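Student: Structure incoming, see below.
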Amino acid sequence: MIKKIAKSLAAIFVISILLAYVRPSSELGTKGEVKVAKPKIVLVFVVDQFAHHYLAMLRPYLNFGLKKLVEDGINFERANHPHGAPATATGHATLSTGTCAKDHGYILNAWADGNGKKIRATQDDAQTAAVLGRNGPMNYGASPKLLMVDTLSDQLVAQSTPEHKNTVFSLSFKTRAAIAMAGKGGHAIWFNDDENMFTSSKAYYQEIPEWVQDFNKRNDVAKIKEIDWQLFHPENHEIYEQFANKDYRFAGTTLRLAGNKTALNFGQREKAGKYDDQQLFQRTPMANGMLADLTKECIDKHFEKDGSETLFVWVGFSALDKIGHVFGPNSLEMIDTICHLDKQIEDLMNYAQNKAGAHNALFAVSGDHGVSPIPELMHERGFGFVSRLLNKDLTNGMNNLIEEKYGISGIVKTFKTTMFYLNKQALAKVDQEKQNAIIEDLRNYLQAQPGMCKVFTTKELVESTFDPTSFEYLYQNQTYVGRTGDLICMPNMYSFIAKRANGTSHKTPYDYDTHVPLILYQAGSLEKKRIIEKVSTTQLAPTLAKILQINKPSAAAQQVLPGIFEEEGN
């Protein structure tokens, strides 16, 4: 039933896109030679939590960079991430490696080991990968050690020659975004919340680069005394009246930011249940603006117009995600941030084109995942199958069930995103038949919960063959033995498992969580096409590799995106 509803809604969504964007067939064809000039500068904008429906919904009100990309670029209208539980680390790694989590290993932002201990996707020991602080290396590390395949960045750097040097940077407020895109060969730079500055780790540098230190001095976040969030348009503008949801009952905070001034006092933590000042700052267009300024600084320091180099910069805008989780996907904060981002991207595009020449600058934009509607609002609108499932309640219920029936306490060790990790030591004490019975009881318990569609075991996902168009296939793409949990949950549409009783997330295989923008643009080369053929975000890396005339990442098995090159089967 749920799958039929999902497919029906997806069909309606596609029809709406066709009505909005359809162009003459000559623009939609995948044949016809496009002579792509090898660019001197490449900017790839990866916008965290940038669901495709934002472009479809807000297109009439976009007037700057996003409008330029949508109208003048090669626009892949039906690009989806190939995973059942889209996440930041997973999505960024997929875009950079050209393959799924079952290969690259970033199944989520974090997972658990055999003892239930949390493993962050980017974690490493301080001895080899210490994060660089103001006064030297810190006592924890971050690196791409757990990224199991090479990235486009790695290939670019590996294939540099004395005649043509490739330099790669990956910039973001989020550590996992920067590292997932940089791989081992690029230079990852991110924002350190502990020290309120952009930094890196010994995996990339022995000390913070001088140009980053200078930038930090000129942009000392800790000295910001207030957030003055000025709306991009007048408060009564049609875009806000029509699309900005005024219902904040289920938001993660009662503090309104957009259109207001909010005092900050860095270093002073607020009461439990609220967000510290650092997180407040990162939930504003100001954070995206600061990252855009860092990108310009990177271009200034590393691009040589008359040289033979290619400068490739991943730009990971993360404010939208931090806003959406708390305020909701259609909040005033979310809609206005996209308006600001539209202009911020235009400024970066103009900056790069002025440096390299319009025909020598290549741009791409995508997202690492989409966003789910707030389930309580969907439930009020008549979607009776929708629920927010709290992981603590599910864990307690599962543990109580097994303790009462089998006398085994603490059978569930931990929970991550959609996955429950079981107590392996407890299971090992009973025979295989009883182990199977326990797992089946747990599965039945979960599947009986309101809002739950299906529950898989890792064994099923690894050993089964699924239709590539099925939801099960998406979960299989995200299964990595040794990292994936024992029970993997697929909620109903508009439902998800959450830690908190408010806000929203992006943990499902449905179109609103997997469908993201994917656009390439280079003046004179990659222009003015609308592609309605369904594509995967795994096709971006091999496509960029071909444009840049280098080998694609080794695990990238997909063909390049259609509509760019003449030959078939590329």
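Student: Return yes or no: is LYS305 within 30 Å of ILE107 (Cβ to Cβ) and out of contact with any Ser or Thr (no Cβ under 8 Å at 6 or more places or on another chain)? Don't jump to the end; show me each part of the working.
Tutor: Details: within 30 Å of ILE107 (Cβ to Cβ): no; out of contact with any Ser or Thr (no Cβ under 8 Å at 6 or more places or on another chain): yes.
Answer is no for this residue.
Student: Those residues that are at pLDDT 95 or above, surrounded by fewer than 23 Cβ atoms within 10 Å (Cβ to Cβ) and of a type in the set (A, V, I, L, M), I need them from the stretch 499-539; list them, please.
Tutor: Matches in the stretch 499-539: ALA523, ILE531, ILE532, VAL535.
Student: Grab the helices (runs of 4 or more DSSP H) fully contained in the stretch 269-344, keeping just those with 3 or more residues being at pLDDT 95 or above.
Tutor: Numbers: elements: 277-282, 285-302, 319-327.
In the stretch 269-344, the matching helices (runs of 4 or more DSSP H) lie at 285-302, 319-327.
Student: Just one of (1) assigned to a loop (DSSP other than H, G, I, E, B); (2) within 30 Å of LEU520 (Cβ to Cβ) trips up GLY384, so point out which.
Tutor: Unmet condition: (2).
Residue-by-condition table, conditions (1) touching a Gly at 6+ places or on another chain (Cβ under 8 Å); (2) surrounded by 22 or more Cβ atoms within 10 Å (Cβ to Cβ); (3) not small (Gly, Ala, Ser):
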residue	(1), (2), (3)
MET286	no, no, yes
LYS296	no, no, yes
VAL315	no, yes, yes
ASP321	no, yes, yes
ASN354	no, no, yes
ALA358	yes, no, no
LEU362	no, yes, yes
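Student: Identify, please: which residue in the stretch 76-129 is in contact with a helix residue (DSSP H, G or I) (Cβ under 8 Å, 6 or more places away or on another chain) and among the charged types (D, E, K, R) and is, among those, nearest to TYR475 (Cα to Cα)?
Tutor: Once the filter is applied, the top-ranked residue is LYS102.
Student: Restricting to the stretch 55-101, count the residues that are in a helix (DSSP H, G or I) and surrounded by fewer than 22 Cβ atoms within 10 Å (Cβ to Cβ). Before you say what the answer is, go through the steps one by one.
Tutor: Step one: list which residues in the stretch 55-101 are in a helix (DSSP H, G or I), which gives 55-61, 65-72, 88-97, 101.
Filter again for surrounded by fewer than 22 Cβ atoms within 10 Å (Cβ to Cβ), leaving 56-61, 67-68, 70-72.
Number of matching residues: 11.
Student: Return yes when MET148 is in contact with a His (Cβ under 7 Å, 6 or more places away or on another chain), of a type outside the set (Asp, Glu) and in a helix (DSSP H, G or I) and no when it is not.
Tutor: Details: in contact with a His (Cβ under 7 Å, 6 or more places away or on another chain): yes; of a type outside the set (Asp, Glu): yes; in a helix (DSSP H, G or I): no.
No.
Student: In this structure, does ASP368 turn out to be surrounded by 24 or more Cβ atoms within 10 Å (Cβ to Cβ), in the same structural domain as HIS92 (by TED's automatic domain parsing) and either of a type in the set (Ser, Thr, Tyr) or under 19 Å from the mean Cα position of the chain (by Cα) (or both)? Spell out how you get there, then give the answer.
Tutor: Numbers: surrounded by 24 or more Cβ atoms within 10 Å (Cβ to Cβ): yes; in the same structural domain as HIS92 (by TED's automatic domain parsing): yes; either of a type in the set (Ser, Thr, Tyr) or under 19 Å from the mean Cα position of the chain (by Cα) (or both): yes.
Yes.
Student: Given (1) crowded, with 24+ Cβ neighbours inside 10 Å; (2) not assigned by TED's automatic domain parsing to the domain that holds GLY84, where does GLU403 come up short, assuming only one miss?
Tutor: So GLU403 meets the others, but not (1).
Student: Right, next: Answer yes or no as to whether LEU152 is crowded, with 24+ Cβ neighbours inside 10 Å, within 30 Å of LEU461 (Cα to Cα), in contact with a strand residue (DSSP E or B) (Cβ under 7 Å, 6 or more places away or on another chain) and in the same structural domain as GLU309 (by TED's automatic domain parsing). Before the answer, list the steps.
Tutor: Numbers: crowded, with 24+ Cβ neighbours inside 10 Å: yes; within 30 Å of LEU461 (Cα to Cα): yes; in contact with a strand residue (DSSP E or B) (Cβ under 7 Å, 6 or more places away or on another chain): no; in the same structural domain as GLU309 (by TED's automatic domain parsing): yes.
Answer is no for this residue.
Student: Enumerate the pairs (first residue in the stretch 134-155 and under 17 Å from SER554 (Cβ atoms); second residue anywhere and assigned to a strand (DSSP E or B)) with beta-carbon separation below 6 Å, excluding pairs fewer than 6 apart on the same chain, so at least 6 apart or on different chains.
Tutor: Matching pairs, first to second residue: SER153/VAL168.
Student: Residues of the stretch 166-201 being closer than 16 Å to LYS145 by Cβ and part of a helix (DSSP H, G or I), which ones?
Tutor: Matches in the stretch 166-201: THR175, ARG176, ALA178, ILE179, ALA180, MET181, ALA182.
Student: Kindly provide the set of residues from the stretch 436-459 that are over 28 Å from SER372 (Cα atoms) and β-branched (Val, Ile, Thr), ordered by number.
Tutor: Listed by number, the residues that qualify are ILE438, ILE439.
Student: I'm trying to understand the selection: among the residues of the stretch 518-532, which are out of contact with any Asp or Glu (no Cβ under 9 Å at 6 or more places or on another chain) and not in a strand (DSSP E or B)?
Tutor: Scanning the stretch 518-532 gives GLY524, SER525.
Student: If only one of PRO553, PRO542 is farther than 23 Å from ALA56 by Cβ, buried (at least 21 other Cβ atoms within 10 Å of the Cβ) and not assigned by TED's automatic domain parsing to the domain that holds HIS164, which one is it? First the steps, then the outcome.
Tutor: Values: PRO542 fails: not assigned by TED's automatic domain parsing to the domain that holds HIS164.
The match here is PRO553.
The values are calculated or read from the model by the stated rules, or taken from the named source; none is laboratory data. Just so we're clear, the structure is a prediction, and the values are computed from it rather than from any experiment. As a convention, Cβ positions derive from the backbone with ideal geometry for all residues, glycine included, and neighbour counts pool all protein chains shown.
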